[in-house]
Amino acid sequence: MLKDLQQPQKNIFIFIVVTFFFIVFLLLFSMTMQKKLDHDEHQFIASGELLANKLLVPYKDYPHNHMPYLVFVYASIFKFTDHILLGARIFNVVCAWLSLILIFYISFNFFRRHHYLISFLISAGSVIFLMTNPLFVYTSGISWNHDLPILFTLLAFVFHCHGATLGKARKWLFFSGILLGLAIGTRLSFATAIVPSFIMIVLYPNTTMSESKLNLFLLFSLGVFLALLPALVMFVLTPEQFIFGNIEYAKLNTLYRQESGYHQAMTIISKLKYLTIKVVCKLGNLKIFFPYIFFFFSANIIKHCVKTDNYFEDIFLLFLILFLLVGSFAPTPSWYQYFYAPIPFLVLGILFRAAYFYNQYKSTSPGLKLFSHIIIIFMIIVSIGGLSYYRHIYYLLSPNEWFTNKVHKIGVEIKTAVEKGKVLTFAPIFPLEGGAEIYEEFVNGPFEWRTASLLPKNKRKELGVISEDDLNDFLRKQPPGAILVGFEEDLEKSLVTYAKENGYKASELSNGKTLWLSPY
């Protein structure tokens with residue numbers, strides 16, 4: 001295809017692709033800079049800042065409720081910038097952008113039999129199709145642990161498939177294992193992707209004696225093990241803290257939700273209901289789920305499972321979608337962003353089945369062809385409408401209007417007001433943005449605090465968790481220089497009470513939040 005082009009045509013094509021993805025990056029960047037702060041971002045960014053500037057390690061020096069790899073990534077970034085929210089979000093924008101490039105690459109490969117301009121239009125359309133999906137829009141760019149493991153898993157998928165089609169399976173599978181291990185080390189729910197990876201090793205075609213299924217299985221497993229080795233070391237050094245952060249805290253959080261009367265998406269049945277009503281039936285998401293189901297059955301999976309071109313990718317995508325969906329159900333309660341993981345693979349499944357549909361079913365009935373064209377037109381219309389999510393692109397030329405820079409400005413305001421001492425808050429990004437200190441016991445914002453009362457006192461002391469009952473004794477030894485509130489009103493009552501009882505003076509920040517200043 002491209003290799004048949006003359007050099008001038010190839011240069012023009014490369015220029016068009018580069019320009020397209022430059023525009024895509026600007027759209028992603030502009031949207032992310034205007035997203036409001038999610039309270040999940042505090043735990044990742046604050047942990048990265050403590051590691052970068054104080055060499056405090058997750059689990060060992062403070063509680064951490066997720067796999068640790070993203071903390072190390074953020075710590076590396078924060079060595080070069082004091083705009084920590086901006087730096088973390090740019091990193092996630094880059095991860096989302098690279099994932100879209102991978103979608104383009106895989107799509108282009110699916111349609112490689114067609115004219116290169118047709119392949120480009122379809123592949124570029126697939127990028128727009130994904131980036132206008134509500135789950136992508138809601139989840140991407142925010143400084144939590146979703147964009148990076150998606151990128152790693154997409155790369156692992158590509159490497160896994162290359163081993164099946166290009167030969168030298170041992171090398172490709174080893175690196176696929178490393179990439180999937182890195183995804184798991186970033187977000188534990190991606191561990192379910194190991195199952196389809198193992199299944200596809202069993203289905204690997206054309207293996208030789210030196211590349212037996214057992215050898216491939218062991219090499220892939222070795223890659224996963226090596227990638228997870230740093231996490232395993234942290235587990236060995238602090239087993240109880242590691243298990244609490246990745247397993248026991250999730251159980252406590254479920255119990256906290258039950259005691260607080262929260263009931264949505266708490267059981268398997270209610271999670272399925274949440275998935276159906278809140279996710280699948282949303283128009284922007286329906287444009288992905290419905291076409292995949294249509295092409296899935298119209299292409300007839302039973303007949304297609306015989307060895308035809310790219311059957312390996314098709315079956316792999318099916319299993320990945322199913323098992324990533326299982327991983328999405330793992331946390332309780334379910335939240336909207338948890339169901340983002342299968343979405344890029346659903347898009348790839350649609351693309352593959354559309355390519356297969358038009359390549360293999362020359363004699364398809366006119367009615368079925370017409371219906372498939374209607375579905376594709378519907379997908380295009382909804383995608384174009386979804387570009388309204390990126391209407392804030394004009395803010396690119398006004399950095400002072402970026403939400404990330406507004407947060408940094410508040411941080412500087414806090415640091416100026418606090419002469420000495422640490423800032424006690426459930427929103428640690430704000431003081432850290434200005435260079436003020438926080439209590440590492442509160443690095444996770446409100447999360448440990450709201451479940452601390454469910455732990456016995458000796459367990460809290462061992463884990464470095466502070467409850468409402470412990471607050472006065474804890475602060476007696478190291479009173480705060482300031483107390484920042486206005487983010488978690490129900491949970492902050494004890495903090496406000498402490499401030500009032502100890503003579504702290506309230507001042508209002510420019511964002512409307514309250515900073516109680518020490519009288520000493």
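Here Lys79 is the anchor, and the aspartates and glutamates within straight C-alpha reach of less than 19 Å, apart from those fewer than 8 places off in the same chain, are Glu41, Glu49, Glu433, Glu437, Glu440.
Cβ-Cβ distance of Cys281 and Lys36, R₀ of 30 Å, FRET efficiency by 1/(1 + (r/R0)^6): the value works out to about 0.75. With the biggest extent put first, the Cα atoms of segment 134-218 measure 47, 21, 17 Å across the principal axes.
Could you work out the per residue convex hull volume over the alpha carbons of segment 1-85, in cubic angstrom? Show your work: numbers first, answer last.
Values: hull volume 13.4 nm³, N = 85.
Dividing the Cα hull volume of segment 1-85 by its residue count gives 158 Å³.
Against the empirical 2.2 N^0.38 Å scaling, what ratio does the C-alpha Rg of segment 181-240 come to? Ratio of Cα Rg to 2.2 N^0.38 Å: 1.34. For Lys459, the aspartates and glutamates whose Cα comes closer than 16 Å to its Cα, not counting residues fewer than 8 places off in the same chain, are Asp61, Glu240, Glu248, Glu441, Glu448, Glu468, Asp469, Asp470. For the chain, what are the per-bin percents of Cα-Cα distances with bins 20 Å wide, up to the bin holding the maximum? Here the calculated profile for the chain is 20, 51, 24, 4, 0. Remark on Ile438: its backbone amide H falls under 5 Å from those of Val423, a criterion applied only to residues 5 or more positions apart or on other chains, H modelled at 1.01 Å from N. From its DSSP helices (H runs of at least four residues, each -39,500 (n - 2.57)), the chain gives a residue-normalised ellipticity at 222 nm of -20000 deg cm²/dmol.
Specify the angular offset, from 0 to 90 degrees and rounded to the nearest 10, of the alpha carbon long axis of helix 283-298 from the longest principal axis of the alpha carbons in the chain. The angle comes out near 30 degrees. Here the 3J(HN,Hα) profile of segment 327-338, calculated from phi with Karplus coefficients 6.51, -1.76 and 1.60 at θ = phi - 60°, is x, 5, 7, 4, x, 10, x, 7, 10, 3, 5, 5 Hz, Gly and Pro shown as x. Each listed q (0.15 Å⁻¹) maps to a log10 I(q)/I(0) for segment 26-150, found by the Debye formula over equal Cα scatterers with no solvent: -0.72. Directionally averaged projected area (segment 164-278, Cα convex hull): 10.0 nm². Sorting the Cα pairs of segment 375-487 by distance into bins of 5 Å, from 0 upward, gives 2, 10, 15, 15, 11, 10, 8, 7, 7, 7, 4, 2, 1, 0 percent per bin. A Cβ-based charge dipole, computed about the Cα centre of the chain with Lys and Arg at +1 and Asp and Glu at -1, lands at about 1560 debye. The phi torsions of segment 500-513, fed into the Karplus equation with coefficients 6.51, -1.76 and 1.60 and a -60° offset, translate into couplings of 5, 5, 10, x, 6, 9, 7, 9, 9, 7, 5, 9, x, 7 Hz, rounded to whole numbers, with Gly and Pro shown as x. Using the beta-carbon distance between Val202 and Thr254 and R0 = 25 Å, what value does 1/(1 + (r/R0)^6) give for FRET efficiency, to the nearest 0.05? Computed FRET efficiency for Val202 and Thr254: 0.10. Each residue of segment 66-79 was assigned a 3J(HN,Hα) from its phi angle through the Karplus expression (A = 6.51, B = -1.76, C = 1.60, θ = phi - 60°), giving 9, 4, x, 5, 5, 4, 5, 5, 5, 4, 5, 5, 6, 5 Hz with x at Gly and Pro. A straight Cα-to-Cα reach below 29 Å connects Lys500 with the lysines Lys406, Lys409, Lys415, Lys420, Lys422, Lys457, Lys461, Lys477, Lys513, residues fewer than 8 places away in its own chain not being considered.
Of the beta bridges in the chain, as assigned by DSSP with both residues counted there, near 60 percent are antiparallel.
Laboratory data are not the source of any read-out in this text; all were calculated from the coordinates shown. Just so we're clear, the structure is a prediction, and the values are computed from it rather than from any experiment. Note: ideal-geometry Cβ built from the backbone for every residue, glycine included; neighbour counts use all protein chains shown.
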